[in-house]
Amino acid sequence: MKSKKILWVDDEIELFRSHIILLEDKGYEVTTRMNGADALVLIKEGEFDLVFLDEMMPGMGGLEVLSLIKDENPHIPIVMITKNEEEAIMNEAIGSKIHDYLTKPVNPSQVLLVCKKLFESKKISEQYATKDYLHDFNYISQTVSDSPDYQGWIDLYLKLVNWDMELDLHSEIGLRQTFHEQKKECNREFGKYVERNYLDWLNTSSRENRPTLSVDIANDYVLPHVKESDSAVFYFVIDCLRMDQWNIMESHLNSMFSMKKDYYYSILPTATSYARNVLFAGLYPSEIEKYYPDLWKNSDEDERSMNKYEKDFLQLLLDRKRIKLRNELKYIKIIDPEVGRNFEQNIGSYQNNHLTAVVVNFLDMVAHGRSDSELLKEIAPEESAYRSLTNSWFTHSSLFNTFKALSRMKNVKIVVTTDHGSIRCMRGAKVLGDRETSTNLRFKFGRNLKAEDKHALFIKDPSEYKLPKRGVTINYIIAKEDYYFVYPTEYHKYLSHYKDTFQHGGISLEEMILPVITMEPK
């Protein structure tokens with residue numbers, strides 16, 4: 001490997017002879033100069049990988065030389081070395097985009113550490129990432145074989161998400177395929193676990209024997225803050241938000257908010273028309289159908305209208321709990337950028353409102369839009385790029401600006417969650433059904449539905465699963481792992497069309513294990 005070239009500029013360079021010898025012993029090529037003018041000549045004539053620069057020199061000072069070097073080569077790393085410990089000097093140097101800052105006296109190991117950070121950090125971090133992942137690979141495999149409980153699956157999924165994002169930073173180490181296969185195996189076992197336990201969760205009378213579910217979120221996380229009548233409570237539901245996507249958003253918010261993060265399991269199907277209504281109603285779908293038949297019937301006419309009554313469901317929940325708001329419940333559904341900008345610009349008017357519920361649909365639209373857009377598939381061809389797209393959207397979104405505005409308010413409580421996640425579907429599963437069967441790719445309801453047991457959970461009696469009956473002979477099937485349902489008619493056409501699309505409605509770690517975050521401005 002070619003030696004890294006270092007330029008060291010200091011009017012007392014002889015004091016650093018031992019430092020230079022150490023660097024040369026480690027394979028670095030070190031050139032020295034005693035003033036800024038000579039250093040600038042070298043910078044113009046040759047290429048250097050790093051500059052150590054004294055801040056106080058006769059003639060041109062270090063900060064002036066720094067500025068001129070950046071004009072000549074804005075990308076070269078510069079490390080400032082100085083006797084001056086004044087904060088103003090440090091701020092000025094940092095503002096001039098130095099890479100590091102050392103205060104005299106400097107020992108040789110400090111200098112070597114700076115070089116390692118700049119030149120070898122990627123290589124070293126990749127070595128440790130490989131070592132750490134291989135250790136965790138065995139841990140994850142053992143955990144899965146030990147049949148974890150619902151909390152164990154949450155812990156395991158969080159570890160998978162962290163490694164998924166960590167491997168984004170180390171694409172050269174060649175572990176992505178190994179990780180992909182392990183995550184697929186985890187989802188296979190998770191599907192079996194949910195199939196064995198889900199009915200017990202729905203029918204147990206003890207919360208200790210089941211995870212927190214969609215039906216609990218409003219009661220457990222929103223209403224307690226609403227009862228503190230002096231707070232302004234904001235309830236954000238970001239449709240189709242996965243754990244990895246939230247981690248990206250959190251990285252931009254944690255400097256502004258104190259956060260408490262918990263996790264819950266979405267109900268089945270993990271679809272907007274079921275899970276989100278439950279988030280607002282605090283009731284299972286079959287209970288909504290039973291207690292509010294008109295609302296359910298009217299919202300069930302077609303899938304696009306199945307979330308027309310979220311505000312009504314939330315108000316009915318407040319009424320059942322005998323919670324009287326100081327003022328009218330506010331509800332905003334952000335379905336396009338204009339609505340988002342209007343909400344952002346008027347966020348101050350909600351500061352005195354008792355409860356404001358906000359639904360954000362952007363990520364769900366991206367997930368669905370990617371299925372039919374070659375451009376979006378090109379922009380986000382796989383999981384890592386999909387996360388990058390989320391980051392780009394969020395940092396430029398009205399939602400981020402809204403959160404910034406809320407962070408400057410006093411006496412505000414914010415609950416952020418989602419109704420379900422999404423999974424990248426890679427395998428088709430044949431399904432049989434009549435013409436009235438629903439069109440969803442990850443779940444279906446209809447008469448005489450058939451699919452292979454290993455690909456789907458078959459629900460013969462919807463009421464057992466607290467789902468709407470829809471008719472005496474109606475059944476449900478819910479896809480497991482990364483399968484999506486395809487009819488035999490024109491099978492290969494639709495198999496190809498929907499392969500490698502992000503879908504929801506089924507049983508997977510990505511769709512079911514979800515964050516719920518409580519935030520307060522710092």
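The values are calculated or read from the model by the stated rules, or taken from the named source; none is laboratory data. If you're wondering where the values come from, they're calculated on a predicted model, not measured in any experiment. In this analysis, Cβ positions are derived from the backbone assuming ideal geometry, glycine residues included, and neighbour counts consider all displayed protein chains.
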When residues of the range 176-212 are filtered for being surrounded by 15 or more Cβ atoms within 10 Å (Cβ to Cβ) and among the acidic types (D, E), how many remain? 2
If you go through V215, V226, V278, the only one that is touching a strand residue (DSSP E or B) at 6+ places or on another chain (Cβ under 7 Å), β-branched (V, I, T) and surrounded by 14 or more Cβ atoms within 10 Å (Cβ to Cβ) is V226
Hits in the range 440-461 - residues which are under 17 Å from M426 (Cα atoms) and in contact (Cβ under 8 Å) with a residue 60 or more places away in the chain: N440, L441, R442, F443
Name the residue, out of Y483, Y476, that is within 28 Å of the chain's Cα centre (by Cα) and either in contact (Cβ under 8 Å) with a residue 12 or more places away in the chain or over 24 Å from M426 (Cβ atoms) (or both). Y483
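Residue-by-condition table, conditions (1) surrounded by 12 or more Cβ atoms within 10 Å (Cβ to Cβ); (2) outside the structural domain of E55 (by TED's automatic domain parsing); (3) under 28 Å from the mean Cα position of the chain (by Cα):
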position: P105; (1), (2), (3): no, no, no
position: S109; (1), (2), (3): no, no, no
position: F137; (1), (2), (3): yes, yes, yes
position: Q142; (1), (2), (3): no, yes, yes
Within the range 51-72, which residues are outside any loop (DSSP other than H, G, I, E, B) and farther than 18 Å from K104 by Cβ? E64, S67, L68, I69, K70, D71, E72
Residue in the range 243-267 that is surrounded by the fewest Cβ atoms within 10 Å (Cβ to Cβ), counting only those that are in a loop (DSSP other than H, G, I, E, B) and out of contact with any Asp or Glu (no Cβ under 9 Å at 6 or more places or on another chain): S255
Close pairs (8 angstrom Cβ cut-off, 6 or more residues apart or separate chains): hydroxyl-bearing (S, T, Y) in the range 359-375, assigned to a strand (DSSP E or B) and at pLDDT 80 or above anywhere: S371/T501; S371/F502; S371/Q503
Taking the range 418-447 only, how many residues are among the β-branched types (V, I, T) and surrounded by fewer than 24 Cβ atoms within 10 Å (Cβ to Cβ)? 3
Is it the case that some residue within the range 194-205 is assigned to a helix (DSSP H, G or I), farther than 26 Å from A271 by Cβ and modelled with pLDDT under 95? no
Got a sec? Which of I94, I89, I98, I78 is among the β-branched types (V, I, T), out of contact with any Lys or Arg (no Cβ under 6 Å at 6 or more places or on another chain), at pLDDT below 90 and closer than 23 Å to I20 by Cα? I98
